[in-house]
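Input: a single structure, listed below in structure tokens.
Where a number appears in this text, it was derived from the coordinates with a stated rule and is not lab data. This one's a predicted model, so the numbers in the text were calculated from it and none came from an experiment. Glycine also receives a Cβ, built like all others from the backbone with ideal geometry; neighbour counts cover every protein chain displayed.
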Amino acid sequence: MSATQQYLLLLGMAIGTLGVVLSLYGLARAMGPTRGEPGKDVPASAGTMSRDPVWGRYHVRYYGYALLFLAFDMEMAYMYPWAVVYKEEGLVALVDMGVFLAILFLGLLYGWSQGALRRQ
Amino acid sequence: MSIAIVLFALLVTAWFLAMIESWTATGRLHPAAPLLSGLAHLGRESVVPRTPDRVFFETAPVLLLVAAMLGAAVLPLAPNLIIADLATGALFFNAALAYVLVALIMGGWGPNGAYAMVGGWRFLGQLIAYAMLIVMPITAVAMRAESLVNTAIVGSQESLWNIVYQPLGFVLFYIAAMALAFRPPFDLPTAEGELAGGVDAEYTGVRLAVLRLARLLLVVTLASATTVFYLGGWHGPLLPPWAWSLIKTLAVAVSMLLVGHYLPRIREADLLGWCWKLGIPLALLNIFIVGLLILVVP
């Protein structure tokens, strides 16, 4: 199978899954309607609609980790192609990536020393 | 044909897992329990919250299911039993499971309920903790196989399974996989008794059934990935290849349920701390050790 065919197959699978879910919804609807009763559709809290908006700002207390995560996530984009040719390139590949990772790891240690690795 | 077989195997594994899960909950082993429970969910009312973001609310369960299915589609059951043997299979697996986060944030945002929203944001923090521990061990696996093709990764383990070759990577991947599937002790987004079900809280009836099925398939997908990446996939004596894949997948999935059964839920701050202060240095060490092993041992 060519790559295009494989991706089309995966797309077909995603659409097929959607079809299964929709038919399940149809089946459930055929088994009976949902009765509209007061208070039934209030989200779980104290029984009334919440006073404060839920879609407000949320203090992301892990933002120190999140910033470091961005650096490490970018690094992973380089790691996959590197991993495939690693055996071929041998020691050079180990040193190349070793230097890169060492710098990144020093950054992690620095962040740690500055208190980035805690819930703010 | 092979597609139908793989999908059927996926369903059978999920069925067994659901059976065992209901066994731990009720104390009775009932072969038809998953079917009865599913039908009961279909018969119940499916309530939509009063002021929802309808698009997010409806998309979340479907997206979670699709993500789990796509992840399973690139994992081989036997040399020829695979839906799509992509050239970048290991990478695609990561990409598909990244949508678990999107689905859970949507599920948290959609119903406009406080508990659900907290659950959704919590999972974002959980992703920041576990994500590196999924991708870094897979890198070390790809280094040994010299390929991102999942069948080639299994092929590279014919003489020695990766669990022996890189045990550190296995432990990290196993823990991170449990966090990705938000099984206890990492069930932060759906914490029962603490968030009233969190992301699950506002889903009822058939939508909850789809959400539960998606969670189950997610566990199966990750157990299957553990098998493919670390437990030698289809390799094994006597039995046919597909049987070994199924047995190993089921064993890993059951072990994940068991571990979660006996551990208390971990706090988000602790999870982040452990993953970044211990997990990531260990994952980097694992890559270094595997790199040395590849160069030294021919």
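When the alpha carbon gyration tensor of the stretch B:2-296 is reduced to an equivalent ellipsoid, its three semi-axes come out at 31, 23, 17 angstrom, largest first. Of the chymotrypsin sites (Phe, Trp or Tyr not before Pro) found in the stretch A:1-80, the ones in coil according to DSSP and having at most 13 other Cβ atoms within 10 Å of their Cβ are A:55, A:58. Whole-Hz Karplus values for the stretch B:75-91 come out as 9, x, 9, 8, x, 10, 9, 8, 6, 9, 8, 5, 5, 10, x, 5, 6 Hz, taken residue by residue from phi with 6.51 cos²θ - 1.76 cosθ + 1.60 and θ = phi - 60°; glycine and proline positions read x.
For the protein assembly as shown, the dipole from Cβ point charges (+1 on Lys and Arg, -1 on Asp and Glu) about the Cα centre works out to 840 debye, to the nearest 20.
Take the convex hull of the alpha carbons in the stretch B:17-74; its mean projected area over all directions comes to 5.8 nm². Here residue B:265 and residue B:243 are evaluated by their C-beta separation; at R0 = 41 Å the FRET efficiency comes out at 0.70. Taken as Cα centroids, the stretch A:14-44 and the stretch B:58-112 sit 23 Å apart, rounded to the nearest whole angstrom. Annotation: for a label point projected 7 angstrom from Cα along Cα→Cβ of residue A:120, residues of the stretch A:66-95 with backbone N closer than 12 Å are A:66-68. In whole percents, the pair-distance distribution calculated for the protein assembly as shown from its alpha-carbon pairs, binned every 20 Å from zero, is 26, 57, 17, 1.
Along the axis of the charge dipole computed for chain A (Cβ charges of +1 for Lys and Arg, -1 for Asp and Glu, origin at the Cα centre), the listed residues A:30, A:114, A:85 are led at the positive end by A:30.
Rounded to the nearest 500, the 222 nm mean residue ellipticity of chain B from helices alone is -22500 deg cm²/dmol, with -39,500 (n - 2.57) taken per DSSP H run of at least 4 residues. Per residue, the convex hull spanned by the Cα atoms of the stretch B:208-298 amounts to 151 cubic angstrom. Evaluate the Debye formula for the stretch A:60-120 with equal point scatterers sitting on the alpha carbons, no solvent, and hand back log10 of I(q)/I(0) at q = 0.16, 0.22 Å⁻¹, in q order, two decimals. Taken in order of the listed q values, log10 I(q)/I(0) reads -0.59, -0.86. Gyration tensor over the Cα atoms of chain A: the corresponding equivalent ellipsoid has semi-axes (square roots of 5 times the eigenvalues, largest first) of 46, 32, 8 Å. A helix-only calculation puts chain A at -23000 deg cm²/dmol for mean residue ellipticity at 222 nm, using -39500 (n - 2.57) for each DSSP H run of at least four residues, averaged over all residues.
The trypsin sites (Lys or Arg not before Pro) found in the stretch B:224-298 that occupy coil by DSSP, while having at most 11 further C-beta atoms within 10 Å, are B:267.
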